[in-house]
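Participant: Before I ask anything, here is the structure I am working with.
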Amino acid sequence: MARMRFLCDTERCINCNGCTVACKDGNNIPVGINRRRVVTINEGRPGEQSLSIACMHCSKAPCIAVCPVDALFQREDGIVLLDKKKCIGCGYCFFACPFGAPQFPKGNVFGARGVMDKCTFCAGGPEEDFSEEERKLYGQNRIAEGKPPLCAAMCATKALLAGDADVVSKIYQERVFQRGSGGSSWGSKVSTRAYGR
Amino acid sequence: MASFKILNTGKDRQNSKTLRLNPNMARRSFLKLAAVATAVAGTGLGVTMVKKSSAETKKTPYPSSKLVKTVCTHCAVGCGVVAEVQNGVWVRQEIAQDHPISRGAHCCKGASAREMVTSEKRLKYPMKKSGGKWQKLSWKQALDEVAGKLMEIREKYGPDAVMWIGSAKVSNEMAYLQRKLAAFWGTNNIDHQARICHSTTVAGVANTWGYGAMTNSINDIRHSKCIFMIGSNAAEAHPIAMQHILHAKEKNDARVIVVDPRFTRTAAKATDYVRIRSGTDVAFIMGLIHVILKNGWEDKEFIQARVAGFPELKREVEHYTPEVVSDITGVPADEIVRIAKLMATHRPGTVIWCMGGTQHSTGSSNTRAYCILQLVLGNMGVSGGGCNIFRGHDNVQGATDMCVLSHSLPGYYGLSDGAWKHWCRVWDVDYNWMVKRFQSKKMMNTKGFTLSRWYEGVIQEDKIHQQPLRAVVFWGAASNSQSQYHKLKKALDKIDLVVVIDPFPTMTAVASDKDNVYLLPSSSQYETSGSITASNRSIQWRYKVVDPVWDSRDDYTIMRELVKRFGFEKEFYKNIKEIPEDITREINKGTLTIGYNGQTPERIKKHTDYWHTFDVDTLQARGGPCDGEYYGLPWPCWTTEHPGTPILYDISKPVAKGGLPFRARFGTEYTYPSGRKENLLAAEGSAPPGSEVKGGYPEFKDVVPGTNWKTDLSQKTIKEALRRGMAPFGNARARCYVWNFPDPIPIHREPLHSPRPDLIKKYPTWEDKPNHYRVDTRYRSEQKPDWVKEFPLILTTGRLVEYMGGGAETRSNKYLAELQPEMFAEINPVTANNYGIRNGDMIWVESPNGGRVKVKAKFSERVDEKTIFLPFHFGGHFMGDVWAGRYPEGTVPYALGEPANIVTNYGYDIVTQMQETKTGLCRIKKA
């Protein structure tokens, strides 16, 4: 069984936000909710690195552990999904997640959170595949179509990889191997690393 | 407890519902994705343009939808877009994974291409401003009134009283019609964004070796060992190009050298970053050449065979020692030597430049300096080398080729009698009829106003050389991308008629205080079709995705309706029945200079339909119906059998297979002021394989008596040249010494607004230039050494990845506006602290020319302590005023802000009138 993974190669990420917008446009995500975003460290200085972050679909997902209503669950392929009909918007998952993946609608009265939203690895939700309801609540279900998630598929520089962990890992290893010969770039001085391994 | 829950939850869920994921299917698809990341994209989205989604429909989210192949409408990389359309609605974007240039990739602009069609902020119907309010019009009334008023102005003041501003955002066919319209209208007052984009490149590069375009391709950078980027922030302006640049960096261990006043996102990915003082490119490049020559690192064989004016160059660069250059540029002397050595030891290397190099009063010297550097290193005409000049708008290369420009007819024919006669033959109209369309024959041969300076035609602060302008038509162009915007606003207030034809209300629509504006909603480029030329001269067919939305009309329809009312419909559309294909055919017929004749609409469509058959490393089709041809038939494509020219001036291939020597454009012999005589034709032995003449030769003429290769409409001359294995345009040397320019060899001249009074004395600008594209232009009288006392900081501008040009389209895109909601000024924290400015404070940035903008201070070490950086896409604010209330209801862009071009300084290129927006002076204070 394939185990789904994201991996962002910081040597490649140029902070173009293609992934962020591919996700939003493809899944009709409202303004204010960011299932994926790009963070940059050392901006404007040597050592500047950018990284695209979304739900990491953790093996031991803390969000699932803390959810009081069992709205979060993990598929056999590792994708962590949410049942929006069960979610009560308490925000425990937000505290538990080390990546800030859970998103909540903004602007409600009394600061009420509303139902949580997060990256689905473009795998929709528990509703029937391709149903109107699934599309409305979660966006596309590209995994059921046999297609890769939009963010990685549209990545400008192929920095963001998504798919079977073994394949992703192999691609990344090949890249590291190739770069190893050089040692000329800033990147390699800062030690080549990728997030999400 | 918690971990127990995690381990079990998945299983329970899986048992409790049907398994949705077919593991085999998923694995296969991810392997596809894996393939993208490593090497060749091998999947087919279907061989035809339109294809029904998978036939053995198990269940799909959009039953009976179609996939339409088209091309992104933002920058000139030319990324493929696959649009999924169901019942006439663009429901989602699929992955153009097998596109040879982009391989499925998009930046944020391309990823939200659908918003161009679906944005609520689109102009929905024609409007005019009346009594300070927007009034809805029917198309008929709007067209009648606009055409009526234009005709009235033409009758009263003559054809030159109208300024036509065309577009780099429309198809080649539409751009061609825009230029043709101005000709039939009877004026050369036609221009477009290329003027303020790469006009200095076209002038500088074409005068060096023949053609003013990118010589290799973005894919070809994959073969580079050294990527030298000067004034290019590709990570923001051409994000998908970075895919290939980073490939070379990783695979070839290529050096990526970024030279820029600002530590850009591109610099963050470089191996070497050089911070240079803005506006000192020539000095820096001449410094590199000095070091290269001093050490004997030049390519002697290449220079001996293919370069002219080398001794003259050698004499000139003697002055630019590392120490002298260090004083001018601010780059340490040993760093100059180190970079020169890197370039000499890493060949082939490519030079990439963009607006950072072009938008200067010395722009045409900058671009020539870059070319000369490549000549000295022998990097021209080879894979991995070349001048990879990244162009800005999606079709700015095509619109430039169609010459929506005030100094030329399509195909760079110029404005001479011969040029007019050639095009009259193509259009099948009588030359004398055409002469009568103009005010006088003299005006027919006189360059018109430029996009950068047309406003002087109204306000006349500098003396103009025609009667004042009475009307301006903005057809797919923003006004806030032009410098001296506060003056331009004055012009919009004063002029009788402003017509804006655009899918979105640009800032032009709201800039005028008067009731003189008409808005005609054209549809976006996804709602029409036509060919477009990417930066690398590859032509793709942009298929129509959906019908025009709201009550918008596609550009071709608007053109036809206007031309009908102008009374020359019969002459204008003589050869044109099927639109746009017949227009492409007319372009094929007339545009021989740059070999636009082999790209028939059928061939272009075939290439787009079969884009998956082209190799990513060579852009050559491997098998299939386009076997052996290069993607998009990059011009020159000499015949309908020619494969296109992937790399210009590459003499390792026969001409019939895409090889070419340098163009013989400047005669066969020249005597330099020193008395030295030089044969300008290439040396013996330097010619593409199979050439009948083994050395240099002049251009072909009189194969058909009285014509040459450019004017022989039968194209027998071109075919004869190819039959003999020769280039129709001859085989010559590239010029280091361009005698028709004010500085035959580029020399450093300080920017008009320089922070170094001592250097102004040593390296002054030119004398003022009278009648420069119909307007007197100040150089020496504007270059005051005292400016810096009052305006101590350097001002530079640039791109943000989220936005494009004047930003009317992209700031009306909710996803992009969310990412970049506010105008800002980048300021070094040290400078800010010295001025008592805190991060996030509002500040005034003021220019020496009376412009000022109120913007938010953003602390950033991207800029040094002497520099302020402004992004140039914002609009809708004006010198502290917010203009949201001036827009038609429901069309206010999501993000508004001060246009940076209110404060960019006066200053224009000596050859092309390019605006100087990349270097200037300013002062700041807390607002």
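The values are calculated or read from the model by the stated rules, or taken from the named source; none is laboratory data. Predicted, not measured: the structure shown is a model, and the values here were computed from it. Cβ atoms come from the backbone with ideal geometry, glycine included; neighbour counts cover every protein chain shown. To get the accessible areas, we keep the full protein, side chains included, count just its heavy atoms, and leave off ligands, DNA and RNA. Shrake-Rupley method; radii C 1.70, N 1.55, O 1.52, S 1.80 Å.
Participant: Could you work out, residue by residue across A:126-133, how many beta carbons of other chains sit within 10 Å of that residue's beta carbon, and then give the average as an integer?
Facilitator: Per residue, the number of nearby Cβ atoms from other chains is 3 on average.
Participant: Run through the range B:845-891 and list the trypsin sites (Lys or Arg not before Pro) located in a DSSP loop whose Cβ has at most 16 other Cβ atoms within 10 Å.
Facilitator: Filter output for the range B:845-891: B:LYS866.
Participant: Hey, another quick one. If r is the Cβ-Cβ distance from B:VAL693 to A:VAL31 and R0 is 56 Å, what FRET efficiency results, to the nearest 0.05?
Facilitator: 0.30
Participant: Where does the range B:185-233 land on the Kirkwood hydrodynamic radius, alpha-carbon pairs, in angstrom?
Facilitator: 13.4 Å
Participant: Right, next: Express the Stokes-Einstein translational diffusion coefficient of the range B:434-508 in µm² s⁻¹, to the nearest whole number, given a Kirkwood radius over alpha-carbon pairs, 10 °C and a viscosity of 1.306 mPa s.
Facilitator: 117 µm²/s
Participant: What's the Cα-based Rg to Rh of chain B, Rh via Kirkwood?
Facilitator: Across chain B, the Cα-based Rg/Rh ratio is 0.96.
Participant: Extent of the range B:543-676 along each principal axis, from alpha carbon coordinates, in Å, largest to smallest?
Facilitator: Principal-axis extents of the range B:543-676 (Cα, largest first): 62, 47, 25 Å.
Participant: Moving on. Show me, bin by bin at 10 Å from 0, the whole-percent P(r) of the range B:401-455 based on Cα pairs.
Facilitator: Per 10 Å bin, starting at zero, the Cα-Cα P(r) for the range B:401-455 comes out as 24, 54, 20, 2 percent.
Participant: What translational D, rounded to a whole number of µm²/s, comes out for the range B:770-927 from Stokes-Einstein when the hydrodynamic radius is the Kirkwood one over Cα pairs, at 10 °C and 1.306 mPa s?
Facilitator: 96 µm²/s
Participant: When the accessible area of each residue in the range A:46-80 is compared between its chain alone and the complete protein assembly (1.4 Å probe; ligands, DNA and RNA ignored), which residues differ by at least 40 Å², being lower in the assembly?
Facilitator: Buried by the other chains: A:GLU48, A:LYS60, A:ILE64, A:ALA65, A:ASP70, A:PHE73, A:GLN74, A:ARG75, A:GLU76.
Participant: Name the residues of the range B:230-247 whose accessible area falls by at least 20 Å² when all protein chains are present instead of the chain alone, probe 1.4 Å?
Facilitator: For the range B:230-247, once contacts with the other chains are taken into account, B:ALA235, B:PRO239, B:GLN243, B:LEU246 lose 20 Å² or more.
Participant: Here is the link list: B:LYS314/B:LYS447; B:LYS544/B:LYS716; B:LYS149/B:LYS574; B:LYS66/B:LYS606; B:LYS487/B:LYS854; A:LYS170/B:LYS59. Which ones come out longer than 24 Å on Cα distance?
Facilitator: B:LYS314/B:LYS447; B:LYS544/B:LYS716; B:LYS149/B:LYS574; A:LYS170/B:LYS59
Participant: Rank B:LEU123, B:TRP134, B:THR73 by how far each Cα sits towards the positive end of the charge dipole of the range B:72-146 (+1 on Lys, Arg Cβ; -1 on Asp, Glu Cβ) and give me just the farthest.
Facilitator: Comparing the listed Cα positions along the dipole, B:TRP134 ranks first.
Participant: With unit charges on the beta carbon (Lys/Arg positive, Asp/Glu negative), name the residue among B:PRO689, A:VAL66, B:VAL324 whose Cα is farthest towards the positive pole of the charge dipole of the protein assembly as shown.
Facilitator: It is A:VAL66.
Participant: Limiting things to C-alpha atoms, what are the Rg and the maximum Cα-Cα separation (Dmax) for the range B:75-201, in angstroms?
Facilitator: Cα only, the range B:75-201: 19.6, 56 Å (Rg, Dmax).
Participant: Moving on. Using DSSP, restrict attention to beta bridges with both residues in the range B:812-877 and report what percent are antiparallel, rounded to the nearest 5.
Facilitator: Bridges in the range B:812-877 that DSSP calls antiparallel: roughly 65 percent.
Participant: Calculate the radius of gyration of the Cα atoms of the protein assembly as shown to one decimal place, then report Dmax, the largest Cα-Cα distance, as a whole number, both in Å.
Facilitator: Every Cα atom of the protein assembly as shown included, Rg and Dmax give 28.8, 94 Å.
Participant: What's the percent breakdown of Cα-Cα distances in the range B:724-764 across 10 Å bins, shortest bin first?
Facilitator: The distribution over the range B:724-764 is 24, 27, 24, 12, 11, 3, given as percents.
Participant: Take the eigenvalues of the Cα gyration tensor for the range B:629-738, scale each by 5, and report the square roots as semi-axes in whole Å, largest first.
Facilitator: Values for the range B:629-738, descending: 25, 17, 12 Å.
Participant: Another question about this same structure. Quickly rank A:22-35, A:83-96 as a protection proxy: mean count of other C-beta atoms within 10 Å, highest first.
Facilitator: Highest to lowest by the protection proxy: A:22-35, A:83-96.
Participant: Applying 1/(1 + (r/R0)^6) with R0 = 45 Å to the Cβ-Cβ distance of A:GLU133 and B:ASP462, what FRET efficiency is obtained, to the nearest 0.05?
Facilitator: 0.10
Participant: Separate question: Modelled label-to-label distance, B:SER416 and B:LYS716, 7 Å Cα→beta-carbon offset: nm?
Facilitator: Going by the 7 Å Cα→Cβ label model, 2.3 nm.
Participant: Also, I was wondering about something else. List the pairs from B:LYS300/B:LYS341; B:LYS489/B:LYS564; B:LYS140/B:LYS814 whose alpha-carbon separation is above 24 Å, in the order I gave them.
Facilitator: B:LYS489/B:LYS564; B:LYS140/B:LYS814
Participant: A follow-up question, please. State to the nearest 20 debye the size of the charge dipole of the protein assembly as shown about its Cα centre, where the only charges are +1 on K and R beta carbons and -1 on D and E beta carbons.
Facilitator: Roughly 1120 debye for the protein assembly as shown.
Participant: To continue, here is another question. Please get the size of the charge dipole for the range B:507-606, origin at its Cα centre, with Cβ charges of +1 on Lys and Arg and -1 on Asp and Glu, quoted in debye to the nearest 20.
Facilitator: Here the size comes out at about 500 debye.
Participant: What are the residues whose amide H is under 5 Å from the amide H of B:ALA734, where those residues sit 5 or more places off or on another chain and H is modelled from the backbone?
Facilitator: Here B:VAL307, B:ALA308 satisfy the definition.
Participant: Sticking with this structure for a sec: Compute the helix-to-body angle for A:165-180: its Cα long axis versus the longest principal axis of chain A, expressed 0 to 90° and rounded to tens.
Facilitator: So the inclination is approximately 20 degrees.
Participant: Can I ask one more? If you wrap a convex hull around the alpha carbons of the range B:351-495, what volume per residue comes out, as a whole number of Å³?
Facilitator: Hull volume over Cα atoms, normalised by residue count, gives 162 Å³.
Participant: May I ask you to give the solvent-accessible area per residue for the protein assembly as shown, in square angstrom, as obtained with a 1.4 angstrom probe?
Facilitator: On a per-residue basis, the protein assembly as shown sits at 32 Å².
Participant: When the helix-only estimate is applied to chain B (DSSP H runs of n ≥ 4, each -39,500 (n - 2.57), divided by the residue count), what is the mean residue ellipticity at 222 nm, nearest 500 deg cm²/dmol?
Facilitator: -8500 deg cm²/dmol
Participant: Return the long-range amide H neighbours of B:PHE878 (sequence gap of 5 or more, or a different chain), with a cut-off of under 5 Å between placed amide H atoms.
Facilitator: Those qualifying (amide H under 5 Å, at least 5 residues apart or on another chain) are B:TRP883.
Participant: State the percentage of accessible surface on the protein assembly as shown attributable to carbon and sulfur atoms; use a 1.4 Å probe and exclude ligands, DNA and RNA.
Facilitator: Percent of accessible area from carbon and sulfur atoms in the protein assembly as shown: 52.
Participant: So what are the radius of gyration and Dmax for the Cα set of chain A, in Å?
Facilitator: 17.3, 57
Participant: Shifting gears a bit: Over the range B:834-913, what lengths in whole Å, largest first, do the semi-axes of the equivalent ellipsoid take, defined as the square roots of 5 times the eigenvalues of the alpha-carbon gyration tensor?
Facilitator: One finds semi-axes of 24, 20, 12 Å for the range B:834-913.
Participant: Could I ask something else about it? May I ask for the accessible area buried between chains B and A, both sides summed, probe 1.4 Å, to the nearest 100 Å²?
Facilitator: It comes to approximately 6700 Å² buried between B and A.
Participant: May I ask for log10 I(q)/I(0) of the range B:178-323 at q = 0.09 Å⁻¹, from a Debye sum over the Cα atoms as equal point scatterers with solvent left out?
Facilitator: With no solvent term, the Cα-only Debye profile gives -0.40.
Participant: I want to check the label-to-label distance for A:ARG45 and A:VAL115. Put each point 7 Å from Cα in the C-beta direction and report it in nm to one decimal.
Facilitator: It works out to 4.4 nm between the two label points.
Participant: On alpha-carbon atoms, Rg over Rh for the range B:336-384 using Kirkwood Rh?
Facilitator: Rg/Rh: 1.00.
Participant: While we're looking at this one, here's another question. Hey, can you grab everything whose amide H is under 5 Å from the amide H of B:ASP554? Only 5+ residues off in sequence or another chain; H modelled, so Pro and N-termini drop out.
Facilitator: Those qualifying (amide H under 5 Å, at least 5 residues apart or on another chain) are B:SER523.
Participant: I would also like to ask the following. How big is the range B:691-738 along each principal axis, measuring the range of its Cα positions in Å and listing the largest first?
Facilitator: 35, 24, 12
Participant: Gain in length, B:GLU602 to B:ALA884, computed as 0.36 nm per residue apart minus the alpha-carbon separation, to one decimal in nm?
Facilitator: In short, 96.9 nm is gained.
Participant: Can you give the convex hull volume per residue for the Cα atoms of the range B:812-870, as a whole number of Å³?
Facilitator: Output value, Cα hull per residue: 97 Å³.
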